[in-house]
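Visitor: Have a look at the structure that comes next, please.
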């Protein structure tokens, strides 16, 4: 197993072969039917050259026109049978390919959704997008078009060579020897092509990642005047992609001309050997003609095979990237840990012990954090910008793993929970929200597919979104997104919070989750969430101190450490950092 640009893994050849065999076994009957039909079509195609040889022998023996006409009718019937069988075989093969492609797409989506959030963030949207679009599309082309055609022509080539050996083993031997240059060219090409196409795929992913990052951060690029830097990065990525494409183009430029020249060698060899044998009376002219026609007939399937083999290198590299997702880093949770119960305090408690964390190319953000969050507690985390609040929230949600120390829920490391279990246990909600293409109902059912309309309306009411949703033309069935009704930032945020209510996690982490709402609505929404999630743990990264005022306890972070911990009243009375923040924000020293 290798990695693609140091990010997501790429499956090795053995893994790709096993995955291919698994896909074939899942639709084995269709594959076997396509193979049988191709064999019959190839067999029908072999009769023609043999009959031409018979015609030559009949003419040399002085037979009349009737004998030639009779054999010509059989040639026509065999050609028609080959056409019908080949079309039937392609139809069966294409159906097999489409069903298999559907399975590949479904597996890819399942694997992406099953990836830990930390892996997704490190990989970036570009690599995942390239694998899910360009690579899956390439695999689909192989399954739908290249695979069936390769199967047809492979069977034809085997049958043709078998027919030459049946005419005369010596002719078959010289025919095989004449194919040696083609074999050498294929070996040279295959030793270089896979790595070349993998590098091309990685370069394509890099281009997609840079474009996605630049487009997503367009406002930041403009605000900090980073246009020239982003343009340079894009040009560098495009130049690397261009070089990888030129490399694979050079491979094809050497491979195909060498193969085209080599096609004539076996035909010439068979004619020379056949002529020598005929001169000695060991072989008839009809057999020599049939052998030459067979090997000439071999050109078309062999040409298609080699062309498809070249395409298979690209497809194989794409499939290795798609299949590599199955080997992406997963959680290390033991399978015997049972899901925590809502009222089991030992399973719900979150413990942070000696946690340290540093981002790549950056200094240490957390420098030994210790914190315990009790089940059902509402904890507010406050502090100046850069204190490490958001980083702590990511560790609590299992998105990142601490460099040192532990973050556990019920004694189990949060980052070790299976993704599906983690999403039911701990949910992180930030101010970055997404409205999916579809209806309001579709956007909500993502969190709980089995939710009733009544449950959907209750979730919307809990976050104050029921009024504007009821005003929509079709209510829950109103289409949102590009071709539907546009939503502003606050409405998108409310939909995201409604999904949280439906998901009903054991622990909810809010990191500026209501930042896009006005202060009054934000406070109402936070209190409504607390009421709906009664008995659940709520951890709020508080930038508005009214959130801290309403919390059970407040944790103050400064310079990567928890420096104060207590209730709002206790911390105000202590006169420390929190009291200073409160007086600055509130304008006086009241605790009300």
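FYI, it's all coordinate maths here, none of it is from the lab. Keep in mind it's a predicted model, so treat the numbers as computed, not measured. Reconstructed Cβ throughout: ideal geometry from the backbone, glycine too, with neighbour counts over all protein chains shown.
Visitor: Can you give me the Kirkwood hydrodynamic radius for the stretch 62-184, using every pair of distinct Cα atoms, in Å to one decimal?
Guide: 19.2
Visitor: Still on this structure, I have one more. Based on DSSP H runs of at least 4 residues, each adding -39500 (n - 2.57), what is the mean residue ellipticity at 222 nm of the chain after dividing by all its residues, to the nearest 500 deg cm²/dmol?
Guide: -21000 deg cm²/dmol
Visitor: State, to one decimal in nm, how far the label point of residue 546 lies from the label point of residue 80, with both points 7 Å from Cα in the Cβ direction.
Guide: 8.6
Visitor: Still on this structure, please answer the following. Using per-residue counts of other Cβ atoms within 10 Å, averaged over each peptide, order 471-484, 160-173 from highest down.
Guide: 160-173, 471-484
Visitor: Note the angle between two axes, namely the Cα long axis of helix 28-60 and the longest principal axis of the Cα atoms of the chain, as a number of degrees from 0 to 90, rounded to the nearest 10.
Guide: Between the helix axis and the principal axis of the chain, the angle is about 20 degrees.
Visitor: Starting from 0 in steps of 10 Å, tell me what percent of the Cα-Cα pairs of the stretch 160-315 lands in each bin.
Guide: All Cα pairs considered, the percentages come to 10, 27, 19, 15, 11, 8, 6, 3, 1.
Visitor: Give the angle, between 0 and 90 degrees and rounded to the nearest 10, that separates the Cα long axis of helix 13-26 from the longest principal axis of the Cα atoms of the chain.
Guide: Approximately 80 degrees, to the nearest 10.
Visitor: Starting from the coordinates of the alpha-carbon atoms of the stretch 170-241, obtain the Kirkwood hydrodynamic radius over all distinct pairs and give the value in Å to one decimal.
Guide: 15.7
Visitor: Also, quick follow-up: Using Cα pairs closer than 8 Å and at least 6 residues apart in sequence, work out the relative contact order for the chain, in percent.
Guide: Rounded, it is 15 percent for the chain.
Visitor: Relative contact order for the stretch 2-327: what is it in percent, counting Cα pairs under 8 Å that are at least 6 residues apart?
Guide: 33
Visitor: Same structure again: Pairs of alpha-carbon atoms within less than 8 angstrom and 6+ residues apart define the contacts here; what relative contact order does the stretch 31-188 have, in percent?
Guide: 33
Visitor: Determine one quarter of the surface area of the Cα convex hull of the stretch 2-327, which equals its mean projected area, and express it in nm² to one decimal.
Guide: 19.9
Visitor: Using only Cα atoms, locate the centre of the stretch 257-299 and the centre of the stretch 215-249, then give the distance between them in Å, rounded to an integer.
Guide: 56
Visitor: Can you sort 452, 430 from fewest to most other Cβ atoms within 10 Å of each residue's own Cβ?
Guide: The fewest-first ordering by Cβ neighbours comes to 452, 430.
Visitor: Can I ask one more? Report, to the nearest 10°, how far helix 285-323 tilts away from the longest principal axis of the Cα atoms in the chain, using its own Cα long axis and a range of 0 to 90°.
Guide: Helix 285-323 sits roughly 10 degrees off the main axis of the chain.
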